[in-house]
Amino acid sequence: MLETLGKISPDPILTLSDHFNQDANPRKIDLGIGLYQDESNKTPIMECVKIAEQRVIKNLSYDKKYKGSNGFNGFCEAISELLFSRKHELIKERRILSFQTIGGTGAIRLSAEIIYQINPDKGVWISNPTWDNHRDIFQHLGMKIYSYPYSGVLGELDFQSMLESISKIPEGDVIVLHGCGHNPTGFDIKKKQWAKILEIIRYRKLVPIIDMAYHGLTKSLQDDNYCIDLFSSQIDEFFIAYSCSKNFGLYNDRIGALIVVAKNRKTCFKTMLHLSRLTRLSISSPAIHGAYIINEILSSEELKEIWQRELKDMKDRTISARRILLEESKRQNCANLFFEIGYGVGLFSMISIQPKHIDTLRDKFGIYMLRSGRINISGLNEKNIKYFISSTKPFINKQY
Ligand code: LMR
C-alpha cells in the first residue's frame, strides 16, 4: 500500500537545518530556520526559563495528570492577559477564548480546521510571500488559497498594492495577517495602515487570523500588539495564532495558543467545545511542560521582568545585526545591494538571489538560507559579516 504514495519533497526549512549541522565547513553560517542566534551563533535557553523550570520541578501543584483539550488554564489566562490586559472589556464580557496549542503552527492549524468545519468553501488570503506553512496548512485541508501582494519598495511595504488587492477580497473570506515581524520580508504594516486594513475587513466582513509568532521581537511587547489592540476595539470576531517558540525560546517545547474573539459569551463557549473536540480527535490534549514554564514566568513579577529584559536584548540584537550588515556593505562598496535590510524589522529579510546561486552559496561557501532568499538576520555578527557580504555580493541581482 505505502508504495503507492506520491512523491513529495522534504520540508525546506527543517531539512536545511539538518544539512547545516552536517556541514564540516568551519566558516559555515546558518541563516535558514527561524531560530534566534546570539553573537556567537548560539540559541541559548533564556535565564527566565531556566529559573522557571527549576521552580516547576519543585512545585508539586505542577502535576503530570491529564488536562483538558484546551491545555493548562494558568497558561491560557496568562497569554490572554499578556495580549489584552486583565481589565479588558472583552475579558470581562467573556468573549475571549484562549486555547493551548502545539506551538503557533498548531494554532494556525486549529483555526483552519474550525473555519473549514464551518465552511469548507471559504477562500483563504495569504500574503505573497509568506511563511510557506500558511499555504500548506490550509491547502492540505482542501481550502482554496489566494494571495495578496506583500513586497518591499524602497525600504518599506508597498502598501498601496496590498490595499488594492485586499479591497477586492470576496465578502466573508479569511485573511491571514502577520501581527508583527513579517516572515519573510521583515516589512511591517504601520499604524495608519492597520486602520485602513481594518476598514476593509469591516466592509468586506472578512475573518482575520493574526499570526503572532514574534511578539516582542520586532519593536516592543506593546507596539507589536498594536493591531490586536485596534481590532479588539473595532471588530467582534477574529483569531490570533500565538507562538511562544521565539519570544520565550521554547522552540521544541511546542507551546502556543489560539486566541479567539467571539461575538458573545455563548458563541465563545460553543467555539471552545468545538475546538476541544477537534483537539481530542488529533492530539487529545496538548503537552503541558511549556505551559507550566510560561505560567511561572508570567505570574511572577521578578521572572516577568527578567523575561522582558532578555526579550529586549534579543530584539536589540536583530537591530544591531542589521546595522553591522549595512556598515560592512558600505565598506565593501555594495551598500545598494543591502540597504533595504536596514529598514526591515524582526528576524527576517530577503535578498534577491536566484535559487541556483543560493545552492552555490550553500555548497561552496557554507552559507545557508532559504531558496526564496530569506535570511535569518540574527545569524549575522561581527565575526561572519565580512565573509557573508563578500561571498554573496557577486550573486545578488538587486535589493529585494
Ligand atoms: C521559520 O519560519 O523558519 C520558523 O517559523 C520555523 C518553522 O517552523 O518554519
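The values are calculated or read from the model by the stated rules, or taken from the named source; none is laboratory data. All figures in this text were calculated on a predicted structure; none of them were measured in a lab. Heads up, the Cβs are rebuilt from the backbone with ideal geometry, glycines too, and the neighbour counts pull from every protein chain shown. Side chains included, ligands, DNA and RNA excluded: accessible areas come from the protein's heavy atoms. Shrake-Rupley method; radii C 1.70, N 1.55, O 1.52, S 1.80 Å.
Of the GluC sites (Glu not before Pro) in region 133-207, which ones lie in a loop per DSSP and count no more than 14 other C-beta atoms within 10 Å? Intermediate values should be presented prior to the final figure.
Working: sites: E156, E164, E171, E199; in loops: E171.
Answer by residue number: E171.
Just the ratio, please: alpha-carbon radius of gyration of region 140-237 over 2.2 N^0.38 Å, N its number of residues. Provide the component values of the computation, followed by the final result.
Working: Rg = 13.2 Å, N = 98, 2.2 N^0.38 = 12.6 Å.
Dividing the Cα radius of gyration by 2.2 N^0.38 Å gives 1.05.
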Protection-proxy order for peptides 311-324, 84-97, 234-247, each taking the mean of Cβ atoms within 10 Å per residue, highest first: 234-247, 311-324, 84-97
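Out of the total accessible area of region 220-328 (probe 1.4 Å, heavy atoms of protein only), what percent is carbon and sulfur?
Values: 2320 of 4720 Å².
Summing carbon and sulfur atoms, their accessible area is 49 percent of the total for region 220-328.
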The chain: angle of helix 301-331 to the longest principal axis, Cα-based, in degrees nearest 10: 30 degrees
Translational D in µm²/s for region 286-360 (Stokes-Einstein at 37 °C, 0.692 mPa s, Kirkwood Rh from C-alpha pairs): 212 µm²/s
In degrees, nearest ten, helix 103-118 long axis to first principal axis of the chain (Cα): 50 degrees
Nearest-ten-degree value, helix 265-282 long axis tilted from longest Cα axis of the chain: 60 degrees
Mean separation of Cα contacts under 8 Å (6+ apart) over length of region 102-159, as relative contact order %: 32 percent
Over region 6-94, equivalent-ellipsoid semi-axes from the Cα gyration tensor in Å: 37, 20, 17
Top positive-direction residue, dipole computed over region 169-226 with Cβ charges, set I197, G181, Q222: I197
Calculated Rg and Dmax of the chain using C-alpha coordinates, Å: 21.2, 62
Phi-based couplings in Hz for region 252-264 (Karplus 6.51, -1.76, 1.60; Gly and Pro marked x): 8, 7, 6, 10, x, 8, 9, 9, 10, 9, 10, 5, 7
Calculated Rg and Dmax of region 223-346 using C-alpha coordinates, Å: 19.9, 62
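From the cross-link list K219/K263; K144/K205; K168/K246, which pairs have alpha carbons spaced over 28 Å apart? Could the numbers behind the result be given before it?
Numbers: K219/K263 30 Å; K144/K205 18 Å; K168/K246 34 Å.
Over 28 Å apart, Cα to Cα: K219/K263; K168/K246.
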Dipole magnitude (debye, nearest 20) for region 280-400, charges at Cβ of Lys, Arg, Asp, Glu: 680 debye
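Which value results when the Cα radius of gyration for region 69-153 is divided by 2.2 N^0.38 Å? Don't skip to the answer; put the middle values down first.
On the way: Rg = 15.6 Å, N = 85, 2.2 N^0.38 = 11.9 Å.
In units of the globular-protein estimate, region 69-153 measures up at 1.31.
Translational D (Stokes-Einstein, µm²/s) of region 66-299 at 4 °C and 1.567 mPa s when Rh comes from the Kirkwood sum over C-alpha pairs?
Values: Rh = 17.7 Å.
Answer from the Stokes-Einstein relation: 73 µm²/s.
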5 angstrom amide H check on Y148, placed H, neighbours 5+ away: I126, S127, N128
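Calculated from DSSP H runs of 4 or more alone, at -39500 (n - 2.57) each and per residue, what is the 222 nm mean residue ellipticity of the chain, nearest 500? Provide the component values of the computation, followed by the final result.
On the way: 16 runs with 182 residues, N = 400.
The helix-only estimate for the chain comes to -14000 deg cm²/dmol at 222 nm.
Write down the accessible area per residue of region 66-299 in Å², having rolled a 1.4 Å probe over the full set of protein chains.
Numbers: 9800 Å² over 234 residues.
That works out to 42 Å² for each residue.
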